[in-house]
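The values are calculated or read from the model by the stated rules, or taken from the named source; none is laboratory data. Small disclaimer: the values here were computed from a predicted structure and weren't measured. A quick note on method: Cβ atoms are made from the backbone with ideal geometry, for glycine too, and the neighbour counts reach across all protein chains shown. Note: accessible area is taken over every heavy atom of the protein model, side chains too, but ligands, DNA and RNA are not part of it. Shrake-Rupley method; radii C 1.70, N 1.55, O 1.52, S 1.80 Å.
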Amino acid sequence: MCRPRPMGKTFFISTAIPYVNAKPHLGFALELVQADIIARYRRLQGDDVFFLTGTDENALKNVLAAEQEGISTEELVTRNAEMFKSLKKTLDLSWDDFVRTTEPRHRAGAQKFWLVAKKDIYKKSYRGLYCVGCEEFKTSKDLVNEHCPEHPNAPIEDIEEENYFFRLTNYQKTLEELIESDRLRVVPETRKNEVLSFIREGLQDFSISRSRERAKNWGILVPGDETQIQYVWFDALTNYITALGYAENSDRFRRFWEGGSSITHLIGKGVLRFHAIYWPAMLLSAGLKLPTQIVVHGYLTVGGQKISKSLGNVIDPFEVVEKYGTDALRYWLARDVNPFEDGDFTWEKFAERYEADLANGIGNFVSRVLTLAERLNGTRIDFEKDVDPMLAGAVARAQEAMTAKLAGYRFHEALAAIWELIGAGDRYVNEKKPWAVPDKKVLFSLVTVVDNVAALLLPFLPGTSEKITKQIAWSDHTITVSRGPALFPRISS
Ligand SMILES: [Zn+2]
C-alpha cells in the first residue's frame, strides 16, 4: 500500500554513531532516548521526520577488540552492531534508519565525498601523538601525565608517516561567522562559546588518512591511493548523508538534506569539535548544505564517577529495562538528567524516582481516577459543559509549558510540567472527594486530565501513553472506562 507523504516541513535528526568495540552503555541510551523524544514530538507536530542512528565500525579499536577475542573484525562488528540495533525494541525507539559504516552505501558515499572535497585535500609527512582510544592526534598540551585524560590506560603512540590532510584553515573565518550568527546554531550557548573560542585560537589542517598498515587494513580506502585508509572520523561523519543516499543522489538525500527544512545533530559534548568544526568545513568544501543546529548533551556518570569498564561501573540499559521496564528507563533519562549538564545514575536514585513519580505519581493517579470514573460508563458527556474550568486551565498550562520546554530541548522541565498537572489532578480528587458523592462534572474533569496526560506523554513514554488511552473509549458522546492493570507495578529493590 502506498501511504500519502505528509505535507509538513522536513525534519532530519541524527545521533552520533558509537564505536562498536563494546556493548551499548547507558550514555548512548540517553542520546537515543533524547533523539527519539524529539523525533516523536516533531512527527506529532506534522513534520516529515527522518531519524537516523547507526554504528561506527571502521575504527582501529574494533580490530584490536576482535584480536583480543580471537575473532575476525567482521564478526565482532556484526555481532555488536546487532546489540545496538536491538535497542530499538528495548527502548521503544522510532528511528527510520540504522546505518553501519561497513555497508556498501556508506563506503560508496564516503569515497564519493573524498573526491568531491579533493580541492582541500593534500599529502604531507606528519609526526604526532596518537590516542587509539580517541582515534585522534593529540598535542602535548592535551595530555595529562603523558596520557590522554579520557583514556589514561591507553598508550599514546608517537607516529610519523605520510598522510592526507584537509585544509581546515580555509574555513576558519566562514565557520566563525556561521556559528556566531547562529546560521549554524550550537545549543546550549555554553557549547557555542566553547566552539567559538576554539576556532579563534586558530584552526589547523587535520590528518584524514592513515597508512593501510597502521589501520591494519581495516576501513575505507582513499580513492586513487590504495596505500592509505580514510581516517575513521572523516568517513564516519559522512554517515549522516551516505545513509540518505548521497552516493547515488537519491530522492531521500535531496528531500531531507539538500532540500530539507531542518537538520539537527544530537551529540555528546566529547565530540563537539568534530561536529561543529570538522563536519561543517567538510560540507562547505563539498558544496553541500550545512546542518541547521547541533544540540549537545552532557555525560552520564555512575555514582559520581565516569562510566568505564576498568572501574566496573558500566550500567547495562538492557538490565535496567528488564527490571523496571522500557518507559521507566526512558522516564529516568529524560526526567533526572539535565540534558545540558552531566547527570549521575545510581540504582538508589533510579528506584526512588520510580517509586515516587511512576508507581505512586502517575500510576496511582490514573488508577484512582479511572476506578472512580467507571461509574460514568454509559453516561452522555457534554465536552464543553462537563469540564471544570480550573482543571481545563491546568491542562492548558501544561500544554504551553511542554511546547516551550521542548523548543529548548529541556526534556526534564517538560516532564516536570506534566507531573504538575498530575499533582493538580490529585489535589482536585482529594478536595472534591468524588468517592463519597459521585459527580459527573468532577469525574469527567478528572478523566480529561488523564486523557491529556496521556497525550502529552506520547513523545516521552509512548507505551504508557497508549496503555492509558486504551482505557478510555468514546462512542457518540458516551464514555466507557475500563481500568487496566497497574502502569508501574511496585518493584522491590
Ligand atoms: Zn583518548
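A few remarks follow.
- Matching residues in the stretch 98-136 - criterion: being within 16 Å of the ligand (Cβ to nearest atom), in contact with a helix residue (DSSP H, G or I) (Cβ under 9 Å, 6 or more places away or on another chain) and touching a residue at least 60 places away in the same chain (Cβ under 8 Å): V132, G133, E135, E136
- Residue list for the stretch 56-113, restricted to those being in a loop (DSSP other than H, G, I, E, B), under 25 Å from E136 (Cβ atoms) and open to solvent by 20 Å² or more (accessible area, probe 1.4 Å): T102, E103
- The condition of being touching a Ser or Thr at 6+ places or on another chain (Cβ under 8 Å) and away from the ligand (no atom under 16 Å from the Cβ) does not hold for Q172.
- Tally, over the stretch 137-146, of residues that are touching a strand residue (DSSP E or B) at 6+ places or on another chain (Cβ under 6 Å) and either more than 9 Å from the ligand (Cβ to nearest atom) or open to solvent by 50 Å² or more (accessible area, probe 1.4 Å) (or both): 1
Yes or no, residue by residue, for (1) aliphatic (A, V, I, L, M); (2) touching a residue at least 12 places away in the same chain (Cβ under 8 Å); (3) within 16 Å of the ligand (Cβ to nearest atom); (4) under 27 Å from T101 (Cβ atoms):
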position: E180; (1), (2), (3), (4): no, yes, no, no
position: N193; (1), (2), (3), (4): no, no, no, no
position: F198; (1), (2), (3), (4): no, yes, no, yes
position: G202; (1), (2), (3), (4): no, yes, no, no
position: V222; (1), (2), (3), (4): yes, yes, no, yes
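- Scanning the stretch 430-466 for residues that are free of Cβ contacts under 8 Å to residues at least 60 places away in the same chain, of a type outside the set (S, T, N, Q), open to solvent by 60 Å² or more (accessible area, probe 1.4 Å) and more than 30 Å from D36 (Cα to Cα) yields a count of 7.
- Filtering the stretch 147-157 to residues that are within 8 Å of the ligand (Cβ to nearest atom) and either more than 17 Å from L64 (Cβ to Cβ) or open to solvent by 80 Å² or more (accessible area, probe 1.4 Å) (or both) leaves P149, E150.
- Residues that are out of contact with any strand residue (DSSP E or B) (no Cβ under 8 Å at 6 or more places or on another chain) and open to solvent by less than 10 Å² (accessible area, probe 1.4 Å) within the stretch 211-245 comprise D235, L237, T238, I241, G245, listed in sequence order.
- Conditions (1) under 29 Å from the mean Cα position of the chain (by Cα); (2) at pLDDT below 90; (3) more than 16 Å from the ligand (Cβ to nearest atom): number failed by E160: (1)
- Tally of residues being more than 17 Å from E384 (Cβ to Cβ) and in contact with a Leu (Cβ under 7 Å, 6 or more places away or on another chain) across the stretch 428-445: 4
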